[in-house]
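Asks: Here you go, one structure.
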Amino acid sequence: MKKIYKILLHIRELEEKQKKKELADTISERVKKEQEIKSLEEEKRKLSSDMREGEGISAWFLAQFLQYIEGLREDKKHKEKELAQMLLVEEQKRQELLEAKKERNVVENLVERKKLEEKFEEIKKQEKISDELVILRYREGKIGGTEEE
């Protein structure tokens, strides 16, 4: 019976470890997406600054520039939607990790309780054996004492 609890505890620990890894991966993806968004914002800011400094820009170049800026805006919106979705997934992974920790704690408590129960049973057995030895010695002493009298 004791092995079953240890195996169950090991399984719960592995599940918790897996959930931690999944959460770490999700956080890493989110951070990467945030960096991509910042990079797009920086590129847009840099291009806008360069455009303001430029003189004598052709209409064709200006149209291309505006189209490129609009593409950056759309890309940013798309990445922000992905980021929002990633935040939801991240929160879900956090909840799953918390649940896995709770399950592991429950099993740890169960294992600890079983250990205490086994220890208590062992103590009871030792006390019973000790009591029986005392009774036997007492009887031997009484029988031995009555025979000598």
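Coordinate-derived values only; no laboratory data. This structure is a prediction, so every number in the text was calculated from the model and none was measured. Because the Cβ atoms are built from the backbone with ideal geometry, glycine has one as well, and the counts that use them run over all protein chains shown.
Asks: Write out the trypsin sites (Lys or Arg not before Pro) in the stretch 1-40 meeting two conditions: DSSP loop, and at most 13 other Cβ atoms within 10 Å of their Cβ.
Replies: Passing sites in the stretch 1-40 do not exist.
Asks: Let me ask something else about it. Can you give me the angle between helix 2-53 and the longest principal axis of the chain, using Cα atoms only, in degrees from 0 to 90, rounded to the nearest 10?
Replies: Compared with the principal axis, the helix lies near 20 degrees.
Asks: Mind checking which of 65, 107, 40 is farthest towards the positive end of the chain's charge dipole, using Cβ charges of +1 (Lys, Arg) and -1 (Asp, Glu) about the Cα centre?
Replies: So the residue we want is 65.
Asks: Could you compute the net charge surrounding residue 124? Neighbours are other residues with a C-beta less than 13 Å from the C-beta of residue 124; K and R count +1, D and E count -1.
Replies: Summing Lys and Arg as +1 and Asp and Glu as -1 gives -4.
Asks: Taking the Cα centre of the stretch 87-146 as origin, sum charge times position over the Cβ atoms of Lys and Arg (+1) and Asp and Glu (-1), and report the length of that vector in debye to the nearest 20.
Replies: Using Cβ point charges on Lys, Arg, Asp and Glu, the stretch 87-146 gives about 320 debye.
Asks: Only Cα pairs within less than 10 Å get springs; with that Gaussian network setup on the chain, which residue of 76, 93, 128 has the largest fluctuation?
Replies: Highest fluctuation of the listed residues: 128.
Asks: Treating only the Cβ atoms of Lys and Arg (+1) and Asp and Glu (-1) as charged, compute the dipole magnitude of the chain about its Cα centre; round to the nearest 20 debye.
Replies: 140
Asks: Among 126, 84, 98, whose Cα sits farthest toward the positive end of the charge dipole of the stretch 70-149 (+1 at Cβ of Lys/Arg, -1 at Cβ of Asp/Glu, about the Cα centre)?
Replies: Sorting the options by dipole projection puts first 84.
Asks: Quick one: which of 21/44; 93/115; 46/79 span more than 30 angstrom between C-alpha atoms?
Replies: Violating the 30 Å limit, Cα to Cα: 21/44; 93/115.
Asks: Label the stretch 11-57 by shape, choosing from rounded, prolate and oblate, from the square roots a ≥ b ≥ c of the eigenvalues of the Cα gyration tensor; if a/c is under 1.5 it is rounded, and otherwise prolate applies when a/b is larger than b/c, oblate when it is not.
Replies: It is prolate, given that a/c is not under 1.5 and a/b is the larger ratio.
Asks: Further question: For Kirkwood radius over Cα pairs in Å, one of (1) 22.5; (2) 17.7; (3) 16.1 was computed from the structure I shared and the rest are decoys. Which label?
Replies: The listed entry that was calculated here is (1).
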